[in-house]
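The values are calculated or read from the model by the stated rules, or taken from the named source; none is laboratory data. Treat the numbers as computed from the prediction; the structure is a model and nothing was measured. Here the Cβ positions follow ideal geometry from the backbone for every residue, glycine too, while neighbour counts run over all protein chains shown. To get the accessible areas, we keep the full protein, side chains included, count just its heavy atoms, and leave off ligands, DNA and RNA. Shrake-Rupley method; radii C 1.70, N 1.55, O 1.52, S 1.80 Å.
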Amino acid sequence: MKEAFKRKINEECGVVAVFNCHDASEIVFYGLHALQHRGQEGCGIVCSNNGDFKLIKGAGLVHENFNESTLKKLVGDMGIGHVNYPSIRGGNDVSMLQPYLFRHCDGDFAIANNGSMVNYQEIRLFLEHNGSIFQSNSDAEMIAHLIKKEQNSNMLEAIKGALNKLEGSFACVIMTEDKIYACRDKHGFKPLSLGKLNGGYVVVSESCAFELCVADPIRDIEPGEILVISKDGLHSEKYAEDINHHMCAMEYIYFARPDSEIEGVNVHLYRRETGRLLAKESPVEADVVVGVPDSSLSAAMGYAEESGIPNETGLIKNKYVGRTFIQPSQRLREKTVRMKLSTVSAVVRGKRVILVDDSIVRGTTSKRIVTLLKESGAKEVHVRICSPQMMHPCYYGVDTSNKEDLIGAFKTIDEIKEAIGADSLAFLTVDSLYKAGKRLELCTACFSGLYPTKIYE
Ligand code: AMP
Ligand code: SF4
């Protein structure tokens with residue numbers, strides 16, 4: 001494999017698109033702000049004023065890059081935006097920041113994507129051998145090249161042709177002079193929702209963004225759908241036949257905001273239900289249930305409700321520290337957990353604590369928290385994880401693509417328990433992931449090893 005192709009995968013990201021709304025840049029800004037949890041490495045907004053495209057993007061948070069005066073430079077009633085997730089291999093590679101804006105004789109266009117293709121290497125080689133030159137290793141740029149390779153002046157047909165060549169996950173928005181195309185891969189790995197704002201439309205990665213945009217939710221973009229938004233209204237087409245609903249289970253477990261509805265299931269209620277199910281599957285005698293803030297508080301609530309053991313605030317999060325996962329080295333990651341969380345000693349001292357967390361990836365977080373709780377006088381710490389043991393890498397754009405990083409890939413539950421210093425450890429079953437959302441389909445590949453797509457090396 002050519003070294004240049006070794007990608008810094010775009011991890012969980014957030015996209016926004018706004019059509020036919022006065023001061024579109026402001027609405028995109030609010031949408032991105034609401035999706036900030038999906039990406040803190042960088043962000044960007046591109047707006048079109050009757051085909052005159054302007055793009056501003058940069059490293060850092062949305063409010064660090066945009067203010068009244070920058071937003072005023074982005075004139076127009078259409079716009080798309082993106083927040084980038086920090087890549088574990090990423091560093092500060094500004095070439096990976098989206099959206100991308102392309103100048104073309106048939107009309108400029110911009111694209112923002114959340115997802116990752118499993119056949120990226122194959123398509124990239126094909127495109128390069130056919131004359132394409134890339135400025136990044138991003139899937140979004142590749143989609144743009146594929147669209148133009150179709151040599152079809154009908155943009156919808158060109159997008160269809162391009163998307164049909166892709167295997168993997170994508171939820172992307174494409175903006176031309178007069179249209180927005182909102183597209184979801186045929187497996188439906190990533191969320192994407194449509195809302196209405198006055199006479200216009202808003203598309204967002206998660207429905208939690210509608211409130212800040214003052215938009216009313218309409219529906220999810222369907223797997224395999226290309227939704228065309230234009231002055232003529234909405235036009236929907238399918239780019240593929242073999243469609244399913246393999247939404248990433250980690251969206252419900254960890255990524256999404258609790259106030260989001262993903263394919264009809266509220267994320268907070270889903271997590272609470274996983275907590276209840278885990279309490280049924282793996283009960284333990286204890287005095288207090290403590291959730292790891294913020295992503296596990298809903299699950300801890302469910303565990304406490306089902307077990308009858310009181311739910312307490314035993315951990316406090318310092319809100320001014322970023323997500324621990326993003327630190328490039330293990331040493332820094334371990335420090336960050338301490339900077340981020342502290343214990344409420346009065347709650348845990350002398351107690352048998354059930355510690356509820358959403359997942360174990362490397363084991364760093366659990367180990368640190370168990371240590372903190374014990375240092376604060378907890379008599380026992382029983383770790384209950386509201387997802388199954390993560391044993392397989394993710395190839396769909398989540399930053400767990402290295403098997404070597406996954407403690408669950410090489411250790412038994414007992415060995416993980418020892419490694420994190422817990423008195424007992426239990427994971428949720430894969431079955432319960434479906435039950436919690438009353439869903440028949442989900443992607444659970446990192447837990448079950450059952451990948452919904454072909455995997456290319
Ligand atoms: P670790 O410390 O490596 O075991 O990471 C587990 C913690 O990171 C969990 O408590 C989650 O809240 C969070 N987490 C799980 N998966 C991811 C992911 N793909 N990206 C970022 N954070 C994650
Ligand atoms: Fe989500 Fe895991 Fe599937 Fe990746 S493999 S899409 S993280 S459920």
Highest mean first, how do 283-292, 149-158 rank when packing is the count of other Cβ atoms within 10 Å averaged over residues? 283-292, 149-158
Taking θ as phi - 60°, what are the ³J(HN,Hα) couplings along segment 193-199 by the Karplus curve (6.51, -1.76, 1.60), each to the nearest whole Hz, with x for Gly and Pro? 10, 10, x, 10, 9, 6, x
Between the helical axis of 330-340 and the dominant principal axis of the chain, each derived from Cα atoms, what acute angle in degrees is found, rounded to the nearest 10? 80 degrees
Arranged from highest to lowest average of other beta-carbon atoms within 10 Å per residue, in what order do the peptides 400-408, 382-390 appear? 382-390, 400-408
Out of residues 5 or more away from Asp220 or on other chains, whose amide H comes under 5 Å of its own, with H placed 1.01 Å from N in the peptide plane? Leu194
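Using unit Cβ charges (K, R positive; D, E negative) and no other charged atoms, how large, in debye to the nearest 20, is the dipole of the chain about its Cα centre?
Charge dipole of the chain: 1240 debye, to the nearest 20.
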In cubic angstrom, how much convex hull volume per residue do the alpha carbon atoms of segment 96-226 span? 106 Å³
Between Asn20 and Asn402, with labels modelled 7 Å along Cα→Cβ, what's the label distance in nm to one decimal, could you check? 4.8 nm
For Asn49, distant residues with modelled amide H under 5 Å away: Lys54
HN-Hα couplings for segment 48-59 via Karplus (6.51, -1.76, 1.60; θ = phi - 60°), in whole Hz with x for Gly/Pro, come out as 10, 10, 6, x, 8, 8, 10, 10, 10, 8, x, 6
Within segment 270-448: Cβ-based charge dipole about Cα centre, in debye rounded to nearest 20 (Lys, Arg +1; Asp, Glu -1): 560 debye
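Given the convex hull over the Cα atoms of segment 270-448, what projected area results after averaging over all orientations, in nm²?
9.5 nm²
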Under 8 Å for C-alpha pairs, at least 6 residues apart: give me the relative contact order for segment 3-244, rounded to a whole percent. 22 percent
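Where only protein heavy atoms count, and the probe is 1.4 Å, what is the accessible area per residue for the chain in Å²?
40 Å²
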What per residue convex hull volume, in Å³, do the alpha-carbon atoms of segment 3-244 yield? 111 Å³
In whole percent, what relative contact order does the chain give with Cα contacts below 8 Å and a gap of six or more residues? 13 percent
How large is the translational diffusion coefficient of the chain in µm² per second when you combine the Kirkwood radius over alpha carbon pairs with Stokes-Einstein at 20 °C and 1.002 mPa s? 95 µm²/s
Long-range HN-HN contacts of Val118 with modeled amide H, under 5 Å: Glu167, Gly168, Ser169
Could you give each residue of segment 207-214 its phi-based ³J(HN,Hα) in whole Hz, using Karplus coefficients 6.51, -1.76, 1.60 with θ = phi - 60°, and x for Gly or Pro? 5, 4, 6, 4, 4, 5, 7, 6
Over 17 Å apart: what share of the alpha carbon pairs of segment 79-154 falls there, rounded to a whole percent? 48 percent
Dipole magnitude of segment 3-244 about its Cα centre, charges +1 at Lys/Arg Cβ and -1 at Asp/Glu Cβ only, in debye to the nearest 20? 340 debye
Work from the charge dipole of the chain (Cβ charges, +1 for Lys and Arg, -1 for Asp and Glu, about the Cα centre) and give the residue of Cys394, Val83, Ser296 farthest towards its positive end. Ser296
